[in-house]
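Colleague: This is the structure I want to talk about, given as structure tokens.
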Amino acid sequence: MGNGKGDLPLRGDKFGMNKELLERTARALVAPGKGILAADESAGTIKKRFDGIGAESTEESRRAYREILFTTTGAEEYVSGVILFDETLHQSSVDGTPFPKLLAEKGIVPGIKVDKGAKDLALFPGEKVTEGLDGLRERLAEYVVLGARFAKWRAVITIGDGIPTTTCLRANARALARYAALCQEAGLVPIVEPEVLMDGGHTIERCEEVTFAALRSVYHELREHRVVLPGTLLKPNMVLPGKDCPAQATPSRIAEATVRCFAGVVPVAVPGIVFLSGGQNPQESTERLSAMNAIGPHAWELSFSYGRALQEPVLKAWGGNPSNADAARAAFLHRAALNGAARYGEYTSDMERA
């Protein structure tokens, strides 16, 4: 926060950092009972979402849909921050209020996705590395002026025959660390997202092994790049069997494997872990998060940074029809409240029908 609601981040030491501000913002994003809405879908991704409900994806329809999310009364009780896409960060509500200002006035922290997507890792078939470091310093400076206070960068790790390789893990970890350092230099909290994908038939044990290796590489690089860990958040996958694995796992087993994995590698200096949903449906995402919090306490806040798992019911309720805006807001508030309960380990399936 700055000198008041919506103020720009304050500058700090000779590196341009205000460590106290970074830590305060990071902790606000994982405040008890709250989590992050990931509304940072690219134009291509949101078009697929809109195609699924028979709605046309235009700049105006995307703006109108996201305004529904951002103007839901009471959402601020469960939503601490919103990750925006570049287009959305520049957009305004129908009354002309810029979206970052609208969110900040509700007590919701505006954030921005800054990576340029995962591309093929040269000479490593089946593996990806995320691009977007070129010109990032200048983009971050612009995003700060527009009102962003945190950022997100996603790396993707695939499990398969002979992969991931150490080279892939190292390349993505280094990119995440360089991004995080640039964010903190600019006064933004970096959300570090190394996602081990659910694709494939691997076991939960193999996922735990790969997730541990990925996180170990990430935290090695973050330290090497002098990133201030209390001013960061981690956005990882849960430890899950691949979606094609014949041996699926109960929520309690997933919770135990995930907490065990992270306890061995995530530093206690990190204020919070905001899980991605990564292909899980809304109920699965909520149930599994609740199971983790039910076996606490933990060294860090265990929260959420969900996109589709928060928005799927909203899109269905909206259907691209402006007259359904109130129904869509009700669906969003309900889903957010369920995840708020999961933050305390208090979610039950009976709440779905409330």
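Coordinate-derived values only; no laboratory data. On a predicted model such as this, the values are computed, not experimentally measured, just so you know. Glycine also receives a Cβ, built like all others from the backbone with ideal geometry; neighbour counts cover every protein chain displayed.
Colleague: Given the chain, what percent of its DSSP beta bridges are antiparallel, to the nearest 5?
Modeller: 15
Colleague: Identify all lysines with a Cα-Cα distance to residue 19 below 24 Å; exclude those on the same chain that are fewer than 8 residues away in sequence.
Modeller: Excluding near neighbours in sequence, the set is 5, 34, 101, 113, 152, 235.
Colleague: What are the ³J(HN,Hα) values, in whole Hz, obtained from phi via the Karplus relation 6.51 cos²θ - 1.76 cosθ + 1.60 with θ = phi - 60°, for each residue of the range 177-186 in sequence order, with x given for Gly and Pro?
Modeller: 5, 5, 4, 4, 5, 5, 4, 5, 4, 7
Colleague: Non-local amide H neighbours of residue 157 (under 5 Å, H modeled in plane, Pro and chain starts lacking H): which ones?
Modeller: 195, 196, 197
Colleague: I would also like to ask the following. Find out how many positive minus negative residues lie around residue 93, taking Lys and Arg as positive, Asp and Glu as negative, among other residues whose Cβ is under 10 Å from that of residue 93.
Modeller: +1
Colleague: Can you tell me which aspartates and glutamates have their Cα less than 16 Å from the Cα of residue 106? Leave out same-chain residues fewer than eight positions away.
Modeller: 7, 67, 76, 77, 95
Colleague: Something else: Applying the Karplus parametrisation 6.51 cos²θ - 1.76 cosθ + 1.60 with θ = phi - 60° to the phi angles of the range 207-221, what ³J(HN,Hα) value in whole Hz is obtained for each residue in order, glycine and proline being reported as x?
Modeller: Ordered by residue, 3J(HN,Hα) equals 4, 5, 4, 6, 4, 4, 5, 5, 5, 4, 5, 4, 6, 4, 5 Hz.
Colleague: Follow-up. So if a site counts as exposed when it's one of the GluC sites (Glu not before Pro), its DSSP state isn't H, G, I, E or B, and it has at most 12 other Cβ atoms within 10 Å, what's the longest stretch of the chain without one?
Modeller: Counting at most 12 other Cβ atoms within 10 Å as exposed, the longest clean stretch of the chain is 132-354.
Colleague: Using 0.36 nm per residue of separation minus the Cα-Cα distance, give me the extension gain between residue 105 and residue 220 in nm, one decimal.
Modeller: 37.7 nm is the gain from fully extending residue 105 to residue 220.
Colleague: Please report the Cα spread of the chain along all three principal axes, rounded to whole Å, starting with the longest.
Modeller: 52, 52, 41
Colleague: Also, quick follow-up: With r as the distance between the Cβ atoms of residue 185 and residue 87 and R0 = 25 Å, compute the FRET efficiency 1/(1 + (r/R0)^6) and round to 0.05.
Modeller: 0.50
Colleague: For the chain, what is the mean residue ellipticity at 222 nm derived from helices alone (per DSSP H run of n ≥ 4: -39500 (n - 2.57); sum divided by total residues; nearest 500 deg cm²/dmol)?
Modeller: -13500 deg cm²/dmol
Colleague: If you don't mind, another one. Name the long-range amide H neighbours of residue 192: under 5 Å, sequence gap of 5 or more, or other chain; modelled H, no Pro or chain starts.
Modeller: Those lying under 5 Å, H to H, from residue 192 are 233, 234, 235.
Colleague: Go ahead and set up a Gaussian network model of the chain, Cα springs under 10 Å, then flag whichever of 117, 44, 132 fluctuates most.
Modeller: For the chain, modelled as a Gaussian network with Cα springs under 10 Å, the answer is 44.
Colleague: Give, as a single signed number, the net charge of other residues whose beta carbon lies under 12 Å from the beta carbon of residue 343, with Lys and Arg counted +1 and Asp and Glu -1.
Modeller: -2
Colleague: In terms of Cα to Cα distance under 18 Å, which lysines are near enough to residue 48, apart from those fewer than 8 places away along the same chain?
Modeller: Excluding near neighbours in sequence, the set is 316.
Colleague: What whole number of Å gives the distance from the Cα centroid of the range 306-354 to the Cα centroid of the range 206-267?
Modeller: 27
Colleague: Search the structure for amide H atoms under 5 Å from the amide H of residue 79, placed 1.01 Å from N in the peptide plane, and list their residues when 5 or more places away or on another chain.
Modeller: Excluding prolines and chain starts, which carry no amide H, the hits are 35.
Colleague: Using a Gaussian network model of the chain whose springs link C-alpha atoms within less than 10 Å, name the residue from 112, 273, 163 with the highest mean-square fluctuation.
Modeller: Of the options given, 163 has the highest mean-square fluctuation.
Colleague: Please check: in the Gaussian network model of the chain (C-alpha springs, under 10 Å), which one of 94, 210, 274 has the largest mean-square fluctuation.
Modeller: Result for the chain, Cα springs under 10 Å: 94 fluctuates most.
Colleague: Can you work out the Karplus-derived ³J(HN,Hα) for every residue in the range 276-283? Use 6.51 cos²θ - 1.76 cosθ + 1.60 with θ = phi - 60°, whole Hz, and x for glycine or proline.
Modeller: 8, 8, x, x, 6, 7, x, 5
Colleague: Further, regarding this structure: Computed FRET efficiency, Cβ-Cβ of residue 122 and residue 20, R0 56 Å: what is it to the nearest 0.05?
Modeller: After rounding to 0.05, the efficiency reads 0.85.
Colleague: Right, something else. Only loop residues by DSSP count here, and only those with at most 16 other Cβ atoms within 10 Å; note down the trypsin sites (Lys or Arg not before Pro) in the range 191-292 that meet that.
Modeller: Hits after loop and neighbour filter: 226, 243.
Colleague: Would you mind counting up the charge near residue 290? Only other residues with Cβ under 9 Å from its Cβ, with Lys and Arg at +1 and Asp and Glu at -1.
Modeller: With Lys, Arg at +1 and Asp, Glu at -1, the net is 0.
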